[in-house]
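Worksheet for the structure shown next.
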Amino acid sequence: MEKTLILLKPDAVQKSLIGQIIDRFERKGLKIAWIKMMKMSQALIEEHYDFLMDKPFFPRIATYMSSGPIIAMCLEWADAVKVVRQMCGATNPAEATMWTIRWDYAKNIDNNIIHASDSPETAEKELNRFFNVSTEFFEYKRTLID
Ligand code: CMP
């Protein structure tokens with residue numbers, strides 16, 4: 001089983017889309033391994049979007065991501081990274097495949113509802129960034145499904 005990190009961004013929370021988006025992942029069969037609501041600090045935003053710090057749109061990302069609470073989630077499944085990214089659609093909702101999460105809910109590339117890790121290696125780094133290994137990591141089995 002592979003793990004991936006999902007962030008439901010502030011616009012997903014503000015539009016009351018938490019349940020609808022989680023429902024899509026659960027219906028597909030993905031397991032929610034860990035989940036929490038949190039606010040991203042400036043330091044966490046700068047760490048997470050470090051590779052975009054020199055882009056002209058970075059200040060917009062920082063304002064957006066600190067504008068309200070987010071949901072951080074670890075999803076687990078075979079090929080979770082690939083499956084989840086397909087379900088999210090392209091970063092730019094204007095280019096997203098029909099009926100994907102960003103196609104359905106995202107307004108534009110600055111307000112694109114969801115983040116999903118882009119590789120298993122990135123997922124491991126990002127999960128450690130958003131979840132505290134010693135206090136928040138635990139494993140459980142879906143005994144009625146898996
Ligand atoms: P995310 O998947 O969280 O990863 C990087 C984020 O940068 C991306 O979603 C977008 O929300 C944001 N972004 C804003 N403008 C751009 C752009 N022109 N190109 C790529 N990402 C952008």
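Annotation note: Cβ proximity below 6 Å between a residue of the stretch 8-33 that is within 22 Å of residue 65 (Cα to Cα) and a residue that is among the polar types (S, T, N, Q) (sequence gap 6+ or interchain) occurs for 10/67; 11/111.
Taking the stretch 27-75 as the range and being away from the ligand (no atom under 15 Å from the Cβ), basic (Lys, Arg) and more than 25 Å from residue 144 (Cβ to Cβ) as the test, only 39 passes. Based on what the data block shows, is residue 101 under 12 Å from the mean Cα position of the chain (by Cα), within 11 Å of the ligand (Cβ to nearest atom) and among the hydrophobic types (A, V, I, L, M, F, W, C)? In short, no.
Tell me which residues, restricted to the stretch 14-37, are aliphatic (A, V, I, L, M), surrounded by 13 or more Cβ atoms within 10 Å (Cβ to Cβ) and not in a helix (DSSP H, G or I). If you could, list the steps in order and put the result at the bottom.
Pass one, the stretch 14-37, residues aliphatic (A, V, I, L, M): 17-18, 21-22, 30, 32-33, 35, 37.
Filter once more, so that each one left must be surrounded by 13 or more Cβ atoms within 10 Å (Cβ to Cβ): 17-18, 21-22, 30, 32-33, 35.
Across the stretch 14-37, the qualifying residues are 17, 30, 32, 33, 35.
Within the stretch 69-101, being at negative phi and assigned to a loop (DSSP other than H, G, I, E, B) holds for 69, 78, 90, 91, 92, 96, 97, 98, 100. Restricting attention to the stretch 108-122, the residues that are over 12 Å from the mean Cα position of the chain (by Cα), assigned to a loop (DSSP other than H, G, I, E, B) and within 11 Å of the ligand (Cβ to nearest atom) total 2.
Since every read-out is calculated from the coordinates, none of them should be taken as a lab result. These figures come from a predicted structure and were not determined experimentally. FYI the Cβ positions are ideal-geometry reconstructions off the backbone, even for glycines, and counts take in every protein chain you see.
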